[in-house]
Amino acid sequence: MTERSTATPIEAPPGGPLARPWRWLSLGMFALIFLAAFEVLAVTTVMPLVAADLDGEGLYALAFSVPLAAGVVGMVVAGNWADRAGPLAPLLASGGLFVVGLVIAGLAPSMPVLVLGRLVHGVGGAAVIVPLYVIVARVYPESVRARVFAGFAAAWVIPSIIGPAVAGFIAEQVDWRWVFLGVIALVLPAGAMMLVPLLRVRELVAGDPSVRWSRTRLAWAILAATAALGVSLSAELADPWRWIVAVGSIALTVVAVRPLLPAGTLRAVHGMPATVLMRAVVAGAFFGTEIYLPYLLIARYELAPSLAGAVLTGAGISWAAASWLQGRLGDRVSNVDSVRIGTGVLAGALVVVLLIALLGLSPVIAFVAWTLAGAGMGFMYPRFSVAVLELSPKEAQGFNSAALGIGEALGAAVALAVTALVASAAVGGGFTAEFVVTVVIALAAVALAPRVRPPGSAKFM
């Protein structure tokens, strides 16, 4: 492995991420994650109403897969930019693009325009995450990083509690458009909170001007995003073309994404490559289920959006609680054990969700199952980030942080596309086909979990 840089972050005083040297920087980052969480949960809650209002039910899955796929391009640019110039410039640029996309979506007169807005703020929203990860790697000592990522998970708690209810109330009583537009007023203060602290540690976060812009990686990212969208659009075609286009698009996605990931990722090589792949797989299982679960509760059980969206609340709270727990446990629970436990809990919860769709079980069971799914994700998700940063030299932190996000985005986008494709071909519907796909993905994650451990590494055992 390449030798690490000798530059070290500030020594850790008592107080963790909220200790005086990092307080405002940590709060600013947590605020950005808070807003991203609110936007995700709110849009997932109100999208059934949006699709009905804009007569765009056929583009429902595409409205979620487009920002995920487009985010791949944003992450590649942000990762390259952060390695070259440090995280500040890409952070500001991606935040601006995120706001522009929210404006387009909030003012959309039709579903295709809303999808366009989702594309733009998907690029910006995904790109924001990469410089945040680079900041964590360069500013915080290794002993504090797990608690920072736990703080990122904790930033989902309040949006999880109030986000679905607030979004549902706004959509029902005012207008769903304000779910998008209302976030904009809070983005600027959150970004400003981070600016002065970042300027104070600019030597730590400085980039390496010798890192070149990789036009080749950008081209591969565009191709991968386009191919992933091709899988989504294939559901609109007639047989047999839907299957021909889908298989071809998936194959092209795999070819295009290979240069954007650490060597060996697609072969699940032990250590960092398998860790990046695992995040993609569990993201596909979890998020591929999450976008349909409120839709199921609204369509089958006729719940109001504010109540159906509350299913996301339990998952958000349990995600944050489990993330906090794994942060406190530290090395007492290894990365590989965290992932094994998390994937097992997630797979069990998704099987219950499938049974709800198949047998028409009480919606209360859906709330319980999804709360367990959130706990499984929270217990393992921070460990993906910690493991990758521990195994990354400084000059590759942007690339590898971007690879985590790229895998997550494409994993979720392809999973959503496949669920839509299978559902369009299934007889009977009722969301069963969608959840069968995500259960299969979750079981694959269970099988791959042991490969997170690097060969010969006691720390990950």
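Here are the numbers for this structure:
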{"quantity": "Degrees, to the nearest 10: 241-257 long Cα axis against longest axis of the chain", "calculated": "10 degrees"}
{"quantity": "Of all accessible heavy-atom area on the chain, the percent that carbon and sulfur account for (1.4 Å)", "calculated": "69 percent"}
{"quantity": "Spin-label pair V196/I162, simplified geometry with 7 Å Cα→Cβ offset, distance in nm", "calculated": "2.5 nm"}
{"quantity": "Between 0 and 90°, nearest 10: helix 363-390 axis offset from the chain longest Cα axis", "calculated": "30 degrees"}
{"quantity": "Sparse-neighbour loop sites [chymotrypsin sites (Phe, Trp or Tyr not before Pro); segment 155-229; at most 13 other C-beta within 10 Å; DSSP]", "calculated": "W213"}
{"quantity": "Largest to smallest accessible area among S249, S362, S210 [probe 1.4 Å]", "calculated": "S210, S362, S249"}
{"quantity": "Global geometry of segment 262-393, whether rounded, prolate or oblate, following the gyration tensor of its Cα atoms and the 1.5 cut on a/c", "calculated": "prolate"}
{"quantity": "Folded to 0 to 90 degrees: helix 335-359 orientation relative to the chain principal axis, Cα", "calculated": "10 degrees"}
{"quantity": "Residues V103 and R23, FRET efficiency given R0 of 30 Å [Cβ-Cβ distance, rounded to 0.05]", "calculated": "0.40"}
{"quantity": "Accessible surface ranking that places the most exposed of D83, D53, D175 first, with a 1.4 angstrom probe", "calculated": "D53, D175, D83"}
{"quantity": "Relative contact order for the chain, counting Cα pairs under 8 Å that sit 6 or more residues apart, in percent", "calculated": "24 percent"}
{"quantity": "With DNA, RNA and ligands ignored, accessible area of I317 (1.4 Å probe; Å², nearest 10)", "calculated": "70 Å²"}
{"quantity": "Sites matching GluC sites (Glu not before Pro) across segment 338-425 that sit in DSSP coil, with at most 14 neighbouring C-beta atoms within 10 Å", "calculated": "none"}
{"quantity": "Entry for Cα extents along the principal axes in Å (calculated from the structure that is shown) out of [x] 165, 53, 43; [y] 68, 48, 46; [z] 60, 47, 42", "calculated": "[z]"}
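The values are calculated or read from the model by the stated rules, or taken from the named source; none is laboratory data. Predicted, not measured: the structure shown is a model, and the values here were computed from it. When we count neighbours, we look across all protein chains shown, and the Cβ atoms used for this are built from the backbone with ideal geometry, even at glycine. Areas reflect the complete protein model, heavy atoms only, side chains present, ligands, DNA and RNA absent. Shrake-Rupley method; radii C 1.70, N 1.55, O 1.52, S 1.80 Å.
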